[in-house]
């Protein structure tokens, strides 16, 4: 009875929400980064990753462009650029 | 992105505080967790059939009964002798906690199940289109409490849910906010380490319902704490053990960021009433930094 109602864990990964971005997207400059991981912690999508300093980046397949990472970054090392720009 | 228990690809709005809160709670709780979820935004955006964002066992049954379902799960685990290695979390939005699910929650707290109940407080029924709930703050504009010639928005103050949970004599009650990530995760970890029913209420901004820009999720929730409208408190075994002390800011700092309070900006009398609520909180919990 419950068979059809049970779905695979984490299967929402198929849903590429990156197409939702309309105006801006974050650009990880990777210059002043101190690896504080605040961008990783604050991302509502959970799509930011990185390890050492200056290695942090986000997955544009899922990023909805809310701009929280750019706001929280203490070094202002993330900036919001216009969606569609080549940068 | 490694070790994800709450995955990307969910359909929450851009800048959603609740999806952030849910991920932080589950990261702190770890993978040996079973979640029962009430109906609400969180349930809808995280499980868009036939997909699920959850990497841990997760169940949704009805709007009101996450606490009851979690009680059953906990009892079954106890019978199997596996309770010590598995955390059980019941979670809901503010409507599912303070209005519709209050009876099931009260039963869970009273029966003493070893469950962490997490309330994601976005201060209205956001999923169905911003109707007022018991946790909607005073004078807030919602679709069922519109401001006009006869009213200035929601006429009732916020229901004191942490106090209601505390009155059941449970071992741990706390409030937290997505603006203070480490504090939130510390509280979840601490709650899980305590045996018995636990209640945590997390303030999660909703850009759609509160009418603010998605990138203001953190400043809005921070402002709520700094002006005293959302006291961050921690009770252990009935005693207030910690509060987040603040240098008080005027409530306008919080109200002006959000469209749901826009109608108050030309009405100093109403702002005074909200300031009184904030002053009351500060007095009640001793939040003022100078008064240490």
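Which residues, taken from segment A:1-33, are surrounded by fewer than 16 Cβ atoms within 10 Å (Cβ to Cβ), in a helix (DSSP H, G or I) and modelled with pLDDT of 85 or more?
If the condition is that a residue be surrounded by fewer than 16 Cβ atoms within 10 Å (Cβ to Cβ), in a helix (DSSP H, G or I) and modelled with pLDDT of 85 or more, then A:14, A:19, A:20 are the ones that fit.
How many residues does segment B:106-146 contain that are in a loop (DSSP other than H, G, I, E, B), out of contact with any helix residue (DSSP H, G or I) (no Cβ under 9 Å at 6 or more places or on another chain) and touching a residue at least 24 places away in the same chain (Cβ under 8 Å)?
1
Taking strands (runs of 3 or more DSSP E) that fall entirely within segment B:20-105, which contain at least 3 residues that are buried (at least 23 other Cβ atoms within 10 Å of the Cβ) and either away from chain A (no Cβ under 14 Å) or free of Cβ contacts under 8 Å to residues at least 12 places away in the same chain (or both)?
Numbers: elements: B:33-37, B:58-60, B:87-93.
Qualifying strands (runs of 3 or more DSSP E): B:87-93.
Can you find a residue that is under 24 Å from residue B:105 (Cα atoms), within 14 Å of chain A (Cβ to nearest Cβ) and either in contact with a strand residue (DSSP E or B) (Cβ under 7 Å, 6 or more places away or on another chain) or not in a loop (DSSP other than H, G, I, E, B) (or both) anywhere in segment B:236-254?
No: zero hits.
Output the residues belonging to segment B:137-150 that are out of contact with any strand residue (DSSP E or B) (no Cβ under 7 Å at 6 or more places or on another chain) and farther than 18 Å from residue B:221 by Cα. Give the steps one after another, and end with the answer.
Applying the first criterion (out of contact with any strand residue (DSSP E or B) (no Cβ under 7 Å at 6 or more places or on another chain)) to segment B:137-150 yields B:137-141, B:145-150.
Scanning segment B:137-150 gives B:145, B:146, B:147, B:148, B:149, B:150.
Residue-by-condition table, conditions (1) within 8 Å of chain B (Cβ to nearest Cβ); (2) farther than 24 Å from residue B:53 by Cα; (3) in contact with a helix residue (DSSP H, G or I) (Cβ under 6 Å, 6 or more places away or on another chain):
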site: A:7; (1), (2), (3): yes, no, no
site: A:13; (1), (2), (3): yes, no, no
site: A:25; (1), (2), (3): no, no, no
site: A:32; (1), (2), (3): no, yes, no
site: A:46; (1), (2), (3): yes, no, yes
site: A:55; (1), (2), (3): no, yes, no
site: A:62; (1), (2), (3): yes, no, yes
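The values are calculated or read from the model by the stated rules, or taken from the named source; none is laboratory data. Given the structure is predicted, the values throughout are model-derived calculations rather than measurements. Using ideal geometry, Cβ is built from the backbone for each residue, glycine included, and neighbour counts are taken over all protein chains shown.
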